[in-house]
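Here is the structure we will look at, set down as structure tokens.
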Amino acid sequence: MSAGLRVAGRSLRQHLSGAGLKRAALLLLSVAALSACTSVPDGVTPVSPFELDRYLGRWYEIARLDHSFERELSDVTADYRLQADGSVEVINRGYDGKKAEWREAVGRAVFLGERDVGSLKVSFFGPFYGGYHIADLDQPSYRWALVTGPDRDYLWILARTPELPAEVRERLVSKASALGFDTSRLIWVEHKPLDVSAPARASAH
């Protein structure tokens, strides 16, 4: 092989190696970003034991930290339904008073690990998932839950009824505060006597 061919070959290998490294770096960054979206916030331990069958059904959103996909919504509910493949269908629904219409989003949740640990990931946008971690739960009766997302910008207080006793609210707010969440930013969701069976007419996400 001539010197010119050797140099050309070496340059080609270096180019391919550089391109491969760039692709690998992008892949690792993508994996890291997706992992960050589903990770458990530092200091939060998802509840265990956890029984999915008892968690299924309708939950009312009592309070939340503000985010764009639920902004201005009242009467927010979440329905969880077990699917044949073991995943959970998630139906989030709320009322937009400014537009006088219901908004709905349908997603899919799967466990991140063992099914007896309350740590899942939920997707409303194809392959993109967000963390859903149950930080506190009424273990005897599954009447209320404190749920976090992948970081401290996401927090929900859920209940089986549209209202929670004051002592339970105080307990959950104290727990969230102890976990490092800014509970002064909580939005307390209004639940009015509306016709919740009305069909959804737009997406909440």
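Laboratory data are not the source of any read-out in this text; all were calculated from the coordinates shown. Note that the structure is predicted; figures quoted are calculated from it, not measured. Quick reminder, even Gly has a Cβ in these numbers, built from the backbone with ideal geometry, and neighbours come from all protein chains shown.
Considering only alpha-carbon pairs that sit under 8 angstrom and 6 or more positions apart, the relative contact order computed for the stretch 52-203 is 27 percent. Extension gain for residue 71-residue 42 works out to 7.8 nm (0.36 nm per residue, less the C-alpha to C-alpha distance). You can think of it this way: the chain between residue 184 and residue 141 has 12.7 nm of extra reach, that is 0.36 nm per residue less the Cα-Cα gap. Note: the stretch 47-111, Cα convex hull, 107 Å³ per residue. Distance between the modelled labels on residue 58 and residue 128, one decimal in nanometres: 3.0 nm (7 Å Cα→Cβ projection).
Does the stretch 29-172 classify as rounded, prolate or oblate by the C-alpha gyration tensor (a ≥ b ≥ c root eigenvalues; a/c under 1.5 gives rounded; else a/b over b/c gives prolate, otherwise oblate)? Present the calculation step by step, with values, prior to reporting the outcome.
Values: a/c = 1.37, a/b = 1.11, b/c = 1.23.
Rounded, since a/c falls under 1.5.
Label-to-label distance for residue 110 and residue 83 is 0.9 nm, based on points extended 7 Å past Cα in the beta-carbon direction. Which part of the stretch 123-146 falls in the paramagnetic zone of residue 153, meaning amide N under 16 Å from the point 7 Å along Cα-to-beta-carbon? Backbone N within reach: 129-132. Summed over all non-identical Cα pairs, the Kirkwood treatment of the stretch 117-175 gives a radius of 12.5 Å.
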